[in-house]
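**Student:** Sending over a structure as structure tokens; questions will come in a sec.
The values are calculated or read from the model by the stated rules, or taken from the named source; none is laboratory data. Remember, it's a predicted structure, so these values are computed and weren't measured experimentally. No Cβ is skipped: glycine too gets one built from the backbone with ideal geometry, and neighbour counts run over all protein chains shown. Heavy atoms of the whole protein, side chains included, go into the accessibility calculation; ligands, DNA and RNA do not. Shrake-Rupley method; radii C 1.70, N 1.55, O 1.52, S 1.80 Å.
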Amino acid sequence: VQLQASGGGLVQAGGSLRLSCAASGRPRRMYAVGWFRQGLGKEREFVAHINLGGGTIYADSVKDRFTISRDNTENTVYLQMNNLKPEDTAIYSCAAYLVVNEDPTKTYAYGNWGQGTQVTVSS
């Protein structure tokens, strides 16, 4: 099962986008999910995490601007991004949190990465 991100696009600074992360195939279980992003020439960085109960963690750079949520009936996780800034420009990817009890802000705690979606914020 791979997690597929969608909903990216081009937006002006101060604008909003909502990304979706949906599981392909027929997942047998639910997962906690993380969003990560990778800007051009930069390392992949943590954005947000949501557990099965709806508990959330955010990177300081997006706190109070981004909101992660999930719809378990649709097996989909969302990332609402408000007040976007040019430095938010990146490819955004989602992944399943597979290594329980590992730091959920670390990429090695995740698997089932799918293709990301490009977010471009113009100034």
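**Student:** Determine the gain in length on full extension of the stretch Ala59-Asp71; use 0.36 nm per residue of separation and subtract their C-alpha separation, reporting nm with one decimal. Don't skip to the answer; put the middle values down first.
**Tutor:** Numbers: separation 12, 0.36 × 12 = 4.32 nm, distance 2.16 nm.
This chain segment gains 2.2 nm when fully extended.
**Student:** Pulled fully out, how much extra length does the chain show between Asn101 and Arg29, if you take 0.36 nm times their separation in residues and subtract their Cα-Cα distance?
**Tutor:** Details: separation 72, 0.36 × 72 = 25.92 nm, distance 1.78 nm.
That pair, Asn101 and Arg29, stretches by 24.1 nm at full extension.
**Student:** With all pairs of different alpha carbon atoms counted, what Kirkwood hydrodynamic radius in Å does the chain show?
**Tutor:** So the Kirkwood estimate lands at 14.2 Å.
**Student:** Now a separate question. I'd like the carbon and sulfur percentage of the solvent accessible area for the chain, probe radius 1.4 Å, heavy atoms only, ligands and nucleic acids excluded. If you can, show how the numbers build up before the last one.
**Tutor:** Details: 3010 of 6690 Å².
In the chain, the share of accessible area belonging to carbon and sulfur is 45 percent.
**Student:** Modelled label-to-label distance, Thr120 and Arg18, 7 Å Cα→beta-carbon offset: nm?
**Tutor:** About 2.4 nm, to one decimal.
**Student:** Sticking with this one: Using Cα-Cα distances under 8 Å and only pairs 6 or more residues apart, what relative contact order does the chain have, in percent? Intermediate values should be presented prior to the final figure.
**Tutor:** Numbers: 304 pairs, mean separation 44.7, N = 123.
It rounds to 36 percent for the chain.
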